[in-house]
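Visitor: Sharing a structure, written as structure tokens. Questions coming.
Every number here is computed from the coordinates shown, using simple stated rules; none is lab data. Not measured: the values here are computed from a predicted model. Here the Cβ positions follow ideal geometry from the backbone for every residue, glycine too, while neighbour counts run over all protein chains shown.
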């Protein structure tokens, strides 16, 4: 139980740090946020929990393919905001685009047999 508390605290600290840094510098905040901290931490926690390098490799491959649809949020959000659309509406629209891209990627991966692994 202590290990789960530690994982939670470390994760929260990194997320809060990225948000606080972004208040001072969007470039450095973006750099911190763009580093795949969540992915790296997930791989570390998975390995620590299972000691199974193959599971970590499979997770890394899955992350690779599923990062691609997430990029649609970072393309669509600034476009919508620059059009003068309200932040919350722009965010909701960008999330909808991202979800659609995820569903498309999952369909493509399913058709290619990747999801069978």
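Visitor: Rounded to the nearest 500 deg cm²/dmol, what is the calculated helix-only ellipticity per residue at 222 nm for the chain, with -39500 (n - 2.57) per DSSP H run of length n ≥ 4?
Guide: Dividing the helical sum by the residues of the chain leaves -30000 deg cm²/dmol.
Visitor: Let me ask something else about it. Once fully extended, how much extra length lies between residue 25 and residue 49, figured as 0.36 nm per residue of separation less the alpha-carbon to alpha-carbon distance?
Guide: Gain on extension, residue 25 to residue 49, equals 5.1 nm.
Visitor: Taking a ≥ b ≥ c as the square roots of the Cα gyration tensor eigenvalues, with a/c under 1.5 meaning rounded and otherwise prolate when a/b beats b/c, else oblate, which class fits segment 1-40?
Guide: oblate
Visitor: Given points 7 Å out from each Cα along the Cα-Cβ axis, report the residue 7 to residue 56 separation in nanometres with one decimal.
Guide: Result for the modelled spin labels: 1.5 nm.
Visitor: Kirkwood hydrodynamic radius, segment 52-117, all distinct C-alpha pairs: what's the number in Å?
Guide: So the Kirkwood estimate lands at 13.2 Å.
Visitor: Same structure again: Just how far, in whole angstrom, is segment 63-105 from segment 1-58 if you go by their alpha carbon centroids?
Guide: 22
Visitor: Take the alpha carbon atoms of segment 1-108, find their radius of gyration, then divide it by 2.2 N^0.38 Å using N residues; give the quotient.
Guide: Here the Cα radius of gyration is 1.27 times the empirical estimate.
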